[in-house]
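Before any comments, here is the structure.
The values are calculated or read from the model by the stated rules, or taken from the named source; none is laboratory data. Values in this document were obtained by computation on a predicted structure and should not be read as measured data. Don't worry about glycine lacking a Cβ; one is built from the backbone with ideal geometry, like all the others, and counts go over all protein chains shown.
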Amino acid sequence: MAELRLENVVKKFGETEVLHGVDLSISDKEFTVFVGPSGCGKSTLLRLIAGLEDLTSGEIYIDDQDVGYLPPAKRGIAMVFQSYALYPHMTVYDNMAFSLRLAKTDKATMDAAVQRAARILQIEDLLERKPKALSGGQRQRVAIGRAIVRDPRVFLFDEPLSNLDAKLRVQMRMELTKLQRELEATIVYVTHDQVEAMTMADKIVVLRDGYVEQVGSPLDLYRRPANLFVAQFIGSPSMNVLEVTAKARTDKQVTLALPGETEISIPVGDHPVHAGDTVTVGVRPEHLKAGGGASCNLSGEVMVAERLGGFTYLHAKLPSQDIITLLDDGDSKAKIGDKIDIGIPNDASHLFDAKGVAITNGLASTPT
């Protein structure tokens, strides 16, 4: 496998710049996921790596080879598409062997490669079938097998699970993660689904509007979001946020006025936040305490109770009309219309400045 490196990658379509000088390093044997909302540039970036789009400027290296201006076939990559892109008139075997036939690979080597890939993916009994006789999950395995037989330096996946039902998506996530470990593969994977990103990735790259917002491990991004966008994009349900006013500053703490005449004090180190500043407090649903009892308590009215068996999500309206979500027990007695106390531990609160940049990250760390 191989290391992948992008340096100041820019892409324009006409006069519109959609990627703005992306710098990124992906280590050998690393599973990296590009994630972000629709239109953020993640699929365009993947297609630039594959050679399916032309660079406007910048460099793309695989190991120490500059491949940014090579044709796709010369880059040593294999791509798995959302649509599977199987040839309907060919058998599974022929679909998987197609690229090797084009490369004039000898029959014995080609057969060994196809049989190995089929064994890894557990589709040996499907080799004589045609795509129309396969389920969605089986077609996806064939598409992955077609990539494996090429023995690429880098695998690229473009939202490969989006056409599968929810149960099969979960199963295929586990299988792809296992496959990456077995092949010791360098994988770049694009998805809009942050749950896929969190559960599969060694490294997540969060993109927005053609810019890289943050790069890090799933837990890094969950615990230490660099800004409000990442904080709300990573984590499901999304982080609760309240725009509030700083009431007082003492030494390395700031006191904030929360809805319902409640106050909370948060360590901010030497960050220049002062009384009167507008800031945003963020707290994840799982860190809020139903029934109160924390260092700071809010009151709210239950608007929705989502009972999911082992746990319950309560959506409550505050006096400020903000809606926040909190995690409660599976046997929660709360029902629509109930008044509840909501505890906010001050050491679990994230704080963001007026531009959305993180000042402090709750349970992750205390500024110095």
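Brief remarks on what is shown
- Single residue of the range 318-337 satisfying the filter (surrounded by 15 or more Cβ atoms within 10 Å (Cβ to Cβ) and of a type in the set (D, E, K, R)) that is farthest from Phe229 (Cα to Cα): Asp328
- Any hit, the range 242-263, residues being under 26 Å from the mean Cα position of the chain (by Cα) and modelled with pLDDT under 95: yes
- First in the range 338-363 and surrounded by fewer than 18 Cβ atoms within 10 Å (Cβ to Cβ), second anywhere and among the basic types (Lys, Arg), Cβ under 8 Å, 6 or more apart: Pro345/Lys289; Leu363/Arg223
- His315 vs. criteria surrounded by fewer than 20 Cβ atoms within 10 Å (Cβ to Cβ) and modelled with pLDDT of 95 or more: yes
- Residue count for the range 215-225 satisfying the condition of being more than 11 Å from the chain's Cα centre (by Cα) and crowded, with 19+ Cβ neighbours inside 10 Å: 2.
- Residue within the range 140-150 that is assigned to a loop (DSSP other than H, G, I, E, B) and over 18 Å from the mean Cα position of the chain (by Cα) present: yes
- Comparison of Met174, Met198 shows that the only residue that is surrounded by fewer than 16 Cβ atoms within 10 Å (Cβ to Cβ) and not in a strand (DSSP E or B) is Met174.
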